[in-house]
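Chemist: The structure's right below; bear with me while I get my questions together.
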Amino acid sequence: MNNFYVSCERAFDYSLRNRPVVVLSNNDGCVVARSQEAKDLGIATGEPFFKIQRLMDSHNLAVRSSNYELYGDMSARVMELLGRYGTWHEVYSIDESFIGLEGSLEQVRSTAAQIRKAIDKTIGVPVCVGVSTTKTLAKLANHIAKHNPGLGGVCVQQLMDQQVLGNILTRVPVTDVWGVGRKSGAKLISMGIETIADLRDADPLLIRKKFSVVLQRTVFELNGQRCIGPVEERADRGQVMFTRSFSTPVRTREAMEEVMSIYAQKAASRLASEGRYATLLTVTAGTSRFAQGESSFPSAQVRLPRPTRDPILLSKLAIAAMADLMQPGMDYVRGGVILSGLSDSPGEKQLDLFDLGDEHDEEEQKNVSSVVQDISARFGAKSIGLGPAGMAQSPAWTMKREHISQRYTTEWDELLEVRA
DNA sequence: TCTGGGGTCCTAGGACCC
DNA sequence: TCTGGGGTCCTAGGACCC
């Protein structure tokens, strides 16, 4: 999907068309998506918002806080539609997926064009389709489709003029290949491997020796040999994390306890929505990477007595784990709770071996936890919570989202109103 | 003044086993 | 003076992705 977050905003807000638009990260920190007009202004991904804020006045730049409820729902609609077209379908990220197509090259091209049209018509976001024999090459074809408007948003590598393709491969830098990041990119260039064609023609054994089996696979994929397996289903994944930057620094132990309690409950409720249980709890916090002077990045792990997603237990353990790690006088700007070692079933209580020495009754705790979960499922996340998470007024450090749009597709109160 | 979040995979190295 | 071999499991850290 092209400029996906911006496209989602544009689908509902006509005033955003034909002008520079950016979508910001959490806390309105930095740029995570840009319209073509914003790219043309020279705004980079990851650029801090405060550095480009003046463009709002001088260049009619529109700004939106990220609205993941909207993007997630729009993505799900696109993915559902896409699933109808392929022999298989793997959702790779919120704005990207791989599908398997069969038939002649011309049939494949026609299907790709239909997909674009259907998504544009029924959902209203622009996409490009790249077709080839491996995932790495399909991503490359998609890249070509995006950068050559003449192709109409579809690029079937095998139908391209081979000389044109050759020119592209010897021109496009190796760092544009899927799987080549900053570090490997710099190293490759220092070895004289500067373009996609260079990497395609590199010695796979040398690449494995100097880098890893991962980059070796990329070389094979560039040569048309499939090496990258299916993307795993979300439900099989290994961890659930809730980490956030704060809008204002956290300095006191009390505030950090609020953070840990609320984040642990958030992580626990994600686990509940996936029907899973954790055996390992990790807490983290950190000072700003950009601040002068001393830094502090406390982190601790707690092995859980048995697979659990109990918000009371996790909240208590997270607070306790972080309690002695904070250094006095430091400005903490982020914190996180990570749950891992996931399993599909809760553990049995195992006699005294794993006794937490918890005073209150286990059954009662279980009941409170499930009541809290039921109520928030029915009346929304803000309706109830344990301790600080139950307060109507959010703490001062809570995320900043000053330019948020409506949740057009998931909240009755926020539907788009149309007058005709 | 103000700089995101949530993941995956691989590798090396340590602890431990017989 | 001379001190094995083959393995598993776990974790931390690095690199990458969007």
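Chemist: Computed from the mean reciprocal separation of all distinct C-alpha pairs, what Kirkwood hydrodynamic radius does the range A:1-115 have, in Å?
Modeler: 15.7
Chemist: Still on this structure, I have one more. Of A:LYS135/A:LYS210; A:LYS139/A:LYS187; A:LYS39/A:LYS183; A:LYS187/A:LYS209; A:LYS39/A:LYS187; A:LYS187/A:LYS210, which pairs sit farther than 20 Å apart, going by alpha carbon to alpha carbon?
Modeler: Beyond 20 Å: A:LYS135/A:LYS210; A:LYS139/A:LYS187; A:LYS39/A:LYS183; A:LYS39/A:LYS187.
Chemist: Given Cα pairs under 8 Å that are at least 6 residues apart, what percent is the relative contact order of the range A:20-144?
Modeler: It comes to 15 percent, rounded to a whole number.
Chemist: Treat the count of other C-beta atoms within 10 Å as a stand-in for reagent exposure and order A:ARG77, A:ARG200 from fewest to most.
Modeler: Ranking A:ARG77, A:ARG200 by Cβ neighbours within 10 Å, fewest first, gives A:ARG77, A:ARG200.
Chemist: Mind checking which lysines have their Cα closer than 29 Å to the Cα of A:LYS266? Skip sequence neighbours fewer than 8 apart in that chain.
Modeler: A:LYS316, A:LYS349, A:LYS366, A:LYS382, A:LYS400
Chemist: Of the peptides A:147-156, A:406-415, A:130-139, how do they stack up when ordered by the mean number of other Cβ atoms within 10 Å, highest first?
Modeler: A:130-139, A:147-156, A:406-415
Chemist: In nm, to one decimal, how far is the A:TYR14 label point from the A:LEU325 one, both placed 7 Å along Cα→Cβ?
Modeler: So the label points at A:TYR14 and A:LEU325 sit 5.2 nm apart.
Chemist: Expected output is a single nm value to one decimal: the length gained when fully extending between A:ASP374 and A:SER273, i.e. 0.36 nm times separation in residues minus the C-alpha distance. What is it?
Modeler: Stretched fully, the A:ASP374-A:SER273 segment lengthens by 35.2 nm.
Chemist: So if each residue of separation counts as 0.36 nm, and I subtract the Cα-Cα distance between A:LEU81 and A:ASP57, what length gain in nm does that give?
Modeler: Length gained between A:LEU81 and A:ASP57: 4.7 nm.
Chemist: For the range A:242-315, what does the relative contact order come out to in percent, with C-alpha contacts under 8 Å and a separation of six or more?
Modeler: In percent, rounded to a whole number, it is 35.
Chemist: Moving on to the next point. Tell me, how many Å apart are the Cα centres for the range A:17-43 and for the range A:242-257?
Modeler: 28
Chemist: Taking only the C-alpha atoms, wrap a convex hull around chain A and report its volume per residue in Å³ as a whole number.
Modeler: Spelled out: Cα convex hull of chain A, divided by residues, is 201 Å³.
Chemist: Now for a separate question. Any chance you could run the full-extension gain for A:SER340 through A:PHE50? It's 0.36 nm times the residue separation minus the Cα-Cα distance, nm to one decimal.
Modeler: Taking 0.36 nm per residue and subtracting the Cα distance, the gain is 100.9 nm.
Chemist: Determine, from the Cβ-Cβ distance of A:ARG303 and A:GLN163 and an R0 of 51 Å, the FRET efficiency 1/(1 + (r/R0)^6), rounded to the nearest 0.05.
Modeler: Rounded to the nearest 0.05, the efficiency is 0.25.
Chemist: Next question, about the same structure. Can you give the calculated 222 nm mean residue ellipticity of chain A, where each DSSP H run of n ≥ 4 adds -39,500 (n - 2.57) and the sum is split over every residue, rounded to the nearest 500 deg cm²/dmol?
Modeler: Using -39500 (n - 2.57) per qualifying helix, the result is -11500 deg cm²/dmol.
Chemist: Take A:THR175 and A:ALA381, extend 7 Å from each Cα along the Cα→Cβ direction, and tell me the distance between the two endpoints in nm.
Modeler: Calculated label separation equals 3.5 nm.
Chemist: Identify the residues of the range A:116-141 with backbone N under 18 Å of a label point that sits 7 angstrom from the Cα of A:SER93 along the Cα-to-Cβ direction, or state none.
Modeler: A:126-131, A:135-141
Chemist: I need the shape label for the range A:4-66. Rule: rounded when a/c is under 1.5, else prolate if a/b > b/c, else oblate, with a, b, c from the alpha carbon gyration tensor.
Modeler: oblate
Chemist: Can you tell me, using C-alpha contacts under 8 Å and at least 6 residues apart, the relative contact order of the range A:4-66 as a whole percent?
Modeler: This gives 37 percent for the range A:4-66.
Values in this text are rule-based calculations from the coordinates and carry no lab data. Bear in mind the structure is a predicted one, so any value in this text is a computation, not a measurement. Using ideal geometry, Cβ is built from the backbone for each residue, glycine included, and neighbour counts are taken over all protein chains shown.
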